[in-house]
Amino acid sequence: MHPAVSIILFTTLSGMGFGLLAFLGVGIPRVEGWVAAVFFAIGFALAGGGLLFSSLHLGHPERALKAFTQWRTSWLSREAWASVATLGVVGVFAAALVVFGVRIAPLGWLGAAGCIATVYVTSMIYASLRSVPRWHHWSTSALFLAYSASGGALLAGQRWPAVAVLVVTGVGQFLAWRAGDARYAACGSTVGSATGLGHLGRVRLFEPPHTGDSYLTREMVFVVARKHARKLRSIALLLAVVLPVGLLLLPAFHHLGAAVAVLSHLAGVLCVRWLFFAEAEHVVGLYYGRRPA
Amino acid sequence: MTALPETTERKLGLVIDLDTCVGCHACVIACKGWNTENYGAPLADADAYGADPVGAFLNRVHSFEVEPDSGPAQLFHMPKSCLHCEDAPCVTVCPTGASFKRVEDGIVLVNESDCIGCGLCAWACPYGAREMDPVEKVMKKCTLCVDRIYNENLPEEDREPACVRTCPAGARHFGDLGDPDSAVSQLVEARGGVDLMPEQGTKPVNKYLPPRPRDADIDVLAPYLEPVDAQPKGFLGWLDRALERI
Ligand code: SF4
Ligand code: SF4
């Protein structure tokens, strides 16, 4: 799939933002006053900013409100509801806390649950697509939640929880990459089934339907060189997990280290998300001479 | 409404004969022409005369080579457009309700004034049947020429999809695949029509007729085509022997 900058930024930033807001909702850290205002501002900027980036991806952003209508079937519509409702609940909680100094704990818990639900719903936009075998698995949702928790813990300044979640995320990502590499072959779609000619012999694309590019080839038949993908995976894990964990484990841990850890994690997750899209093979590639790896 | 109907009254669709299609792309052009001049946003081209032209089409013809275990390879041309799936994943993912499947005839359509151009439906379709218009930024797809098949202003014989009407080889057939007695259903039955990518669970309405096993049998005329001059005599025979000796 084409790794569009708008969706990479959207999933990365909003994931981190909702992660932080979830921590703040349950009172970790137990901040008040100006400190709380700054924390919440970062959370809202990331979560809301991410959502704004996602609207850049639309052909007709002026009609975006229509996306609230089909929540019964569409994960994208549910994502619109979940994010707006969650930002609303957390917004009320934050306002009461910052302006009036009242902590409405149940509202905070509800907001935190909403944050988790929103990240899950976002992940299901991708995980529900059978046409992209690499995404069509529960591990897609698990990893979206794990990255959100990692980013949230780092931003919330929770040293040991962050170390724990980062390690789990790193191991999970490694395993998910390995399992994902085999999923296309296991889904059963081949150029033989795509053409209905498989029973006759070996099927090969002889001539594509058009000599230039099309929306389909640009959007869904994106190819990333295998050896580059391998290298990028290592770089992504290094930045997203290894470096932050290393910084957190330094005996003299201070704010600068934490800031570098957050930035490194952010860069790493951006790499991970780029790969998430770039490495995802759509079965329509079978009609364009691409085979399961 | 993007919930799929339980059942549809009819299942209008196409039957495409891979044995007959000659790969002339006439259906591609007829489709582009009709759907540019009629219902909905015109199918635009961008940078049409430039270095990197791109345009929206609702029907495209791919060509595949099949190499059997023994014998020569064969070439097949495969026109592909929306298969108007019964379990259309493109419809259920749509957040706005712009994509829908009609109860009365099963046609899958996009209401262009509701479409936000998110592109998710094109991702959900395993067949690549949906393309975003490069100018209007709304999703385009085969309408089964819904503005022809019910159009009383057209002569009777033109009330079928433009691709079917234009195909010079008779490789495309249109009809109700929900009615077992319809001509298209009978054709699918007789020729063993298949679904594309059945494992994707979309239950496509359109069917593809596999090629007949023609080249496996030796032609009935073959005995009459045996070489008659296996043992040349006369001048040819002398030449043959003379060349042999050199
Ligand atoms: S072929 Fe694609 S666009 Fe057409 S109904 Fe099926 S899934 Fe939807
Ligand atoms: S591109 Fe349009 S029709 Fe397709 S899912 Fe988005 S809103 Fe629906």
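The values are calculated or read from the model by the stated rules, or taken from the named source; none is laboratory data. Note that the coordinates shown come from a computational prediction; the quantities given were computed from them, not determined experimentally. Heads up, the Cβs are rebuilt from the backbone with ideal geometry, glycines too, and the neighbour counts pull from every protein chain shown. Note: areas computed on protein heavy atoms with side chains; ligands, DNA, RNA excluded. Shrake-Rupley method; radii C 1.70, N 1.55, O 1.52, S 1.80 Å.
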Exercise for review: Confirm whether residue A:59 is open to solvent by less than 30 Å² (accessible area, probe 1.4 Å) and within 14 Å of another protein chain (Cβ to nearest Cβ).
Suggested key: yes
Condition set within 7 Å of chain B (Cβ to nearest Cβ) and of a type in the set (A, V, I, L, M, F, W, C), scope segment A:188-208, selection most open to solvent (accessible area, probe 1.4 Å): answer is A:206
Contact list, first residue from segment B:200-213 and surrounded by fewer than 18 Cβ atoms within 10 Å (Cβ to Cβ), second anywhere and not hydrophobic (A, V, I, L, M, F, W, C), beta-carbon distance below 9 Å, six or more apart or interchain, is B:201/A:130; B:201/B:87; B:201/B:89; B:203/B:86; B:203/B:87; B:203/B:195; B:212/B:19; B:212/B:191
How many residues of segment A:66-86 are away from ligand 2 (no atom under 12 Å from the Cβ) and either facing chain B (nearest Cβ under 7 Å) or among the aliphatic types (A, V, I, L, M) (or both)? The answer is 4
Given the condition more than 8 Å from chain B (Cβ to nearest Cβ) and charged (D, E, K, R), answer yes or no: does some residue in segment A:259-280 qualify? yes
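Keeping to segment B:58-72, report how many residues are assigned to a loop (DSSP other than H, G, I, E, B), at the interface with another protein chain (Cβ under 7 Å from one of its Cβ atoms) and open to solvent by less than 20 Å² (accessible area, probe 1.4 Å).
0
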Restricting segment B:96-135 to residues that are of a type in the set (A, V, I, L, M, F, W, C) and either surrounded by fewer than 19 Cβ atoms within 10 Å (Cβ to Cβ) or away from ligand 1 (no atom under 11 Å from the Cβ) (or both), the one farthest from the chain's Cα centre (by Cα) turns out to be B:116
Picking from B:138, B:93, B:54, B:146, the residue that is touching a residue at least 60 places away in the same chain (Cβ under 8 Å), surrounded by fewer than 20 Cβ atoms within 10 Å (Cβ to Cβ), within 16 Å of ligand 1 (Cβ to nearest atom) and not charged (D, E, K, R) would be B:146
Within segment A:74-106, restricting to residues that are of a type outside the set (A, V, I, L, M, F, W, C) and surrounded by 18 or more Cβ atoms within 10 Å (Cβ to Cβ), the one that is nearest to ligand 1 (Cβ to nearest atom) is A:74
The residue that is farthest from residue B:98 (Cα to Cα), considering only those in segment B:143-198 that are touching a Cys at 6+ places or on another chain (Cβ under 7 Å) and part of a helix (DSSP H, G or I), is B:166
Open to solvent by 10 Å² or more (accessible area, probe 1.4 Å), in contact (Cβ under 8 Å) with a residue 40 or more places away in the chain and under 20 Å from residue A:4 (Cα atoms): is that true of residue A:228 in this structure?
no
Residue hits (segment B:83-105; in contact with a strand residue (DSSP E or B) (Cβ under 7 Å, 6 or more places away or on another chain) and either facing chain A (nearest Cβ under 10 Å) or not in a loop (DSSP other than H, G, I, E, B) (or both)) are B:90, B:91, B:98, B:99, B:100, B:101
Considering segment B:106-154, residues that are more than 7 Å from ligand 2 (Cβ to nearest atom) and among the β-branched types (Val, Ile, Thr), and then whichever is nearest to the other protein chains (Cβ to nearest Cβ), we arrive at B:135
If we keep only residues of segment A:30-53 that are open to solvent by 30 Å² or more (accessible area, probe 1.4 Å) and over 18 Å from residue A:99 (Cα atoms), then the residue farthest from the chain's Cα centre (by Cα) is A:45
The one condition residue B:28 fails out of (1) within 16 Å of ligand 2 (Cβ to nearest atom); (2) within 12 Å of another protein chain (Cβ to nearest Cβ); (3) among the β-branched types (Val, Ile, Thr) is (1)
Subset of segment B:94-105, residues of a type in the set (A, V, I, L, M) and either near ligand 2 (Cβ under 6 Å from one of its atoms) or at positive phi (or both), comes to B:98
Among residues of segment B:20-41 being in contact with a helix residue (DSSP H, G or I) (Cβ under 9 Å, 6 or more places away or on another chain) and modelled with pLDDT under 95, the residue most open to solvent (accessible area, probe 1.4 Å) is B:39
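Conditions (1) within 23 Å of the chain's Cα centre (by Cα); (2) of a type in the set (A, V, I, L, M); (3) open to solvent by 40 Å² or more (accessible area, probe 1.4 Å), marked per residue:
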{"site": "A:235", "(1), (2), (3)": "yes, yes, yes"}
{"site": "A:264", "(1), (2), (3)": "yes, no, no"}
{"site": "A:268", "(1), (2), (3)": "yes, no, no"}
{"site": "A:272", "(1), (2), (3)": "yes, yes, no"}
